[in-house]
Amino acid sequence: MRSFTTVSLALALSGSVSAHGYLKYVDHKGVAYGLWEPFSDPYYNPLPLRYDRTIADNGPVTGMQSANITCNNGGNNPANVGIIEVAAGDTLKLVWDQWSSAHSGPVMTYMAKCTPNCASFKGDTGSPWFKIDQFGYDASKSPPWGSDYLARQGAWWKVTIPPTIASGEYLLRHEILGLHVAQDPNGAQFYPSCVHLKVTGGGSDNPSGVAFPGAYDPYDTDGILISLYQINQGQKIYTAPGGPVWSKAAAPLQTAATASSQAYSPASLAPSVRGAATATTPATTSRTTTLATTTRTTTPAATTTARTTTPATTPATTSRTTTGSTGTGTVGAWGQCGGIGWTGGTVCVSGYTCKVLNDYYSQCQ
Ligand SMILES: *[C@@H]1O[C@H](CO)[C@@H](O)[C@H](O)[C@H]1NC(C)=O
């Protein structure tokens with residue numbers, strides 16, 4: 001069971017009401033991978049399994065030349081983070097908890113190959129990053145600023161994993177730059193998040209060339225040290241910092257002239273319990289149920305008994321074998337009932353059915 005400090009949470013929540021925001025989910029093919037929740041996750045024991053690096057709060061990085069610019073304030077700790085398996089060319093929906101249109105600026109997404117893997121790679125030295133998507137200021141769009149467009153369409157953004165990058169582990173660094181007080185040096189507000197991805201089915205490209213810290217200059221008068229009104233009034237052309245999008249990145253997905261609102265709610269949730277995805281033996285459940293049948297608004301209650309608090313090392317197998325030994329016993333509501341390596345029960349209590357959330361986790365719902 002998780003323990004939970006109610007008083008601490010209440011205090012934390014009371015400080016969380018602001019116009020800032022953070023990346024909350026990565027949705028891949030209808031499965032929502034939960035990201036670090038700075039106002040509640042620190043109070044759980046054991047800590048939940050998340051798929052990005054810890055962030056301190058929902059506020060911005062203001063020291064763009066400090067190591068905090070790499071993966072946000074919060075330590076850029078690579079260890080004990082889940083990894084999302086995607087194919088090169090797949091689309092991801094990057095969902096923010098909220099975004100206020102009072103914080104106008106560009107939306108930018110970068111990737112960096114994790115060397116040797118994401119469990120140790122920090123990305124804060126050298127120039128391992130490359131930009132895969134951006135939307136700065138486009139007067140033909142309504143609204144014209146990337147972050148306002150993101151807010152208007154429901155606080156989410158879609159990107160495509162470049163189809164030709166080499167297979168392997170990557171950080172995906174998605175970021176909003178708030179320029180509302182950028183007329184002062186170091187007034188620009190950066191909101192990056194670093195998500196762990198394992199890309200399969202890739203090609204032979206290994207792009208790089210952008211450094212964090214390094215790519216952003218406080219005195220860049222084209223992209224960082226600027227006044228919003230000069231750009232809004234057409235007195236100045238805006239050029240987002242961090243260089244151009246890599247030439248072989250996929251076409252942008254936010255192409256409609258007018259952002260249309262589509263609020264996001266997760267269809268199904270990836271595991272959020274550490275230790276649920278450690279083994280690599282074949283799965284035991286049949287995979288006949290379809291994903292994405294329920295709508296949830298709360299954190300999943302994926303509680304089965306006596307889970308280890310040892311962080312999950314991500315299974316290297318890509319086996320999708322669906323047969324294997326069948327476990328015994330009946331699984332209770334919200335318990336694990338299958339997934340690669342699962343050797344426990346596969347039959348849910350009356351009224352619940354075993355749903356596949358991903359290769360490594362099925363749950364009685
Ligand atoms: C980096 O972030 C931490 C919070 O995790 C903060 O205490 C520290 O002051 C930040 N450093 C700089 C240079 O902004």
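Here the spin labels are modelled as points 7 Å beyond Cα on the Cα-Cβ line, and at Gln262 and Ile237 they lie 3.2 nm apart.
Rounded to 0.05, the FRET efficiency of the Ser40 and Thr200 pair, given R0 = 45 Å and the Cβ-Cβ distance, is 0.90. Extension gain, Asn117 to Thr353, is 81.4 nm, computed as 0.36 nm per intervening residue step minus the present C-alpha separation. The value of relative contact order for the stretch 172-268, using C-alpha pairs under 8 Å at least six residues apart, is 24 percent.
Among the listed pairs Lys29/Lys198; Lys29/Lys122; Lys122/Lys198; Lys29/Lys248, a Cα-Cα separation exceeding 19 Å is found for Lys29/Lys122; Lys29/Lys248. Only protein atoms count toward the accessible area here, which uses a 1.4 Å probe; on the stretch 51-127, the carbon and sulfur part of that area reaches 45 percent. Farthest towards the positive end of the charge dipole of the stretch 171-272, among the residues Tyr238, Ala256, His174, is the Cα of Ala256, using unit charges on the Cβ of Lys, Arg, Asp and Glu.
Within a straight-line Cα-Cα reach of under 18 Å, Lys355 can be paired with the following aspartates and glutamates, leaving aside sequence neighbours fewer than 8 residues apart in one chain: Asp27.
Here the peptides 171-181, 49-59 are ranked by packing, the mean other Cβ count within 10 Å, and the order with the highest first is 171-181, 49-59.
Give the shape of the stretch 81-195 as rounded, prolate or oblate, defined through the alpha-carbon gyration tensor: a ≥ b ≥ c are the square roots of its eigenvalues, a/c under 1.5 means rounded, and otherwise the shape is prolate if a/b is larger than b/c and oblate if not. It is prolate, given that a/c is not under 1.5 and a/b is the larger ratio. When peptides 203-214, 27-38, 70-81 are ranked by their average number of other Cβ atoms within 10 Å per residue, the highest-first order is 27-38, 70-81, 203-214. Annotation: aspartates and glutamates with alpha-carbon distance below 13 angstrom to Lys236 (same-chain offsets under eight excluded): Asp138, Asp222. Converting phi to 3J(HN,Hα) with the Karplus coefficients 6.51, -1.76 and 1.60 and the offset θ = phi - 60°, the stretch 161-167 yields 5, x, x, 9, 5, 5, 5 Hz in sequence order, with x at every glycine or proline. Site pair Ala79 and Ala166 shows an inter-label distance of 2.7 nm when each label is modelled 7 Å from Cα along Cα→Cβ.
The values are calculated or read from the model by the stated rules, or taken from the named source; none is laboratory data. A quick note: this is a predicted structure, and the numbers were derived from the prediction, not measured. Quick reminder, even Gly has a Cβ in these numbers, built from the backbone with ideal geometry, and neighbours come from all protein chains shown. Calculation scope for accessible area: heavy atoms of the full protein, side chains included, ligands and nucleic acids excluded. Shrake-Rupley method; radii C 1.70, N 1.55, O 1.52, S 1.80 Å.
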